[in-house]
Amino acid sequence: MQLQWNETYATGDAEIDSQHQQIFAYLNELNRKTQHTYSQKWAKDFMETLIHFIRNHFYFEEMVMRKKACLAAKKNKEQHAKLLHILSEKQNDLSKHEYDVESLSRLQTFLSHWFMRHTLHVDIKLRDCI
């Protein structure tokens with residue numbers, strides 16, 4: 001699933017929007033790689049990079065929402081915690097086996113849907129706080 005950034009996803013915070021665009025780019029890269037060959041080292045390194053970026057993004061976004069007293073801050077933090085738990089489990093599962101195409105493809109689809117829904121239903125509420 002290829003993601004396309006557009007202004008519908010804009011939160012009104014330039015740094016958060018830039019980070020969202022980077023997450024979309026990471027997920028598009030994962031989509032491209034799962035359609036071709038990749039090494040296990042690439043998959044392992046990519047997953048570590050992606051999860052690290054997402055974790056840092058969530059921390060920053062939660063800080064901005066707190067500072068702006070955004071009403072969606074609590075829901076945002078709860079959803080972030082749930083996704084980070086899921087990602088931790090997925091990473092553990094993947095590291096026990098090879099990073100096969102099917103598993104990475106399912107993960108890419110899941111994350112693409114999650115980020116689109118989360119951004120459109122929670123993150124854009126930051127617009128009202130800026």
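The values are calculated or read from the model by the stated rules, or taken from the named source; none is laboratory data. Every value quoted in this text rests on a predicted model; they were computed, and no experiment measured them. All Cβ positions, glycine included, derive from the backbone under ideal geometry; neighbour counts span all protein chains shown.
Data for the structure
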item: In segment 49-73, the residues that are free of Cβ contacts under 8 Å to residues at least 12 places away in the same chain and under 18 Å from the mean Cα position of the chain (by Cα); result: H52, N56, Y59, M63, A73
item: Residue under evaluation C70, criteria (1) assigned to a helix (DSSP H, G or I); (2) surrounded by 16 or more Cβ atoms within 10 Å (Cβ to Cβ), criterion not met; result: (1)
item: Selected residue [under 20 Å from K125 (Cα atoms), of a type in the set (G, A, S) and in contact with an Asp or Glu (Cβ under 7 Å, 6 or more places away or on another chain)] from A10, A69; result: A10
item: Residue in segment 75-85 that is surrounded by 13 or more Cβ atoms within 10 Å (Cβ to Cβ) and of a type in the set (A, V, I, L, M, F, W, C) present; result: yes
item: Residues of segment 111-130 classified as part of a helix (DSSP H, G or I) and within 13 Å of E61 (Cβ to Cβ), total; result: 8
item: Yes/no for L120 being surrounded by 14 or more Cβ atoms within 10 Å (Cβ to Cβ) and either under 17 Å from I130 (Cβ atoms) or touching a residue at least 12 places away in the same chain (Cβ under 8 Å) (or both); result: no
item: Members of segment 9-34 that are under 20 Å from T109 (Cβ atoms) and either touching a residue at least 24 places away in the same chain (Cβ under 8 Å) or of a type in the set (V, I, T) (or both); result: Y9, H20, Q22, I23, F24, Y26, L27, N28, L30, N31, K33, T34
item: Residue within segment 37-50 that is at pLDDT below 95 and of a type in the set (K, R) present; result: yes
item: Candidate set from segment 2-34 (those that are part of a helix (DSSP H, G or I) and of a type in the set (A, V, I, L, M, F, W, C)); member that is nearest to D93 (Cα to Cα); result: L30
item: V64, sole failed condition from (1) more than 26 Å from I130 (Cα to Cα); (2) surrounded by 12 or more Cβ atoms within 10 Å (Cβ to Cβ); result: (1)
item: T37 being of a type in the set (S, T, N, Q), at negative phi and either touching a residue at least 24 places away in the same chain (Cβ under 8 Å) or assigned to a loop (DSSP other than H, G, I, E, B) (or both); result: yes
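Here's the yes/no breakdown for (1) exposed (fewer than 12 other Cβ atoms within 10 Å of the Cβ); (2) over 18 Å from Q79 (Cβ atoms):
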position	(1), (2)
T8	yes, yes
T11	no, no
Q21	no, yes
L27	no, no
K33	no, yes
A43	no, yes
F46	no, yes
L50	no, no
F53	no, no
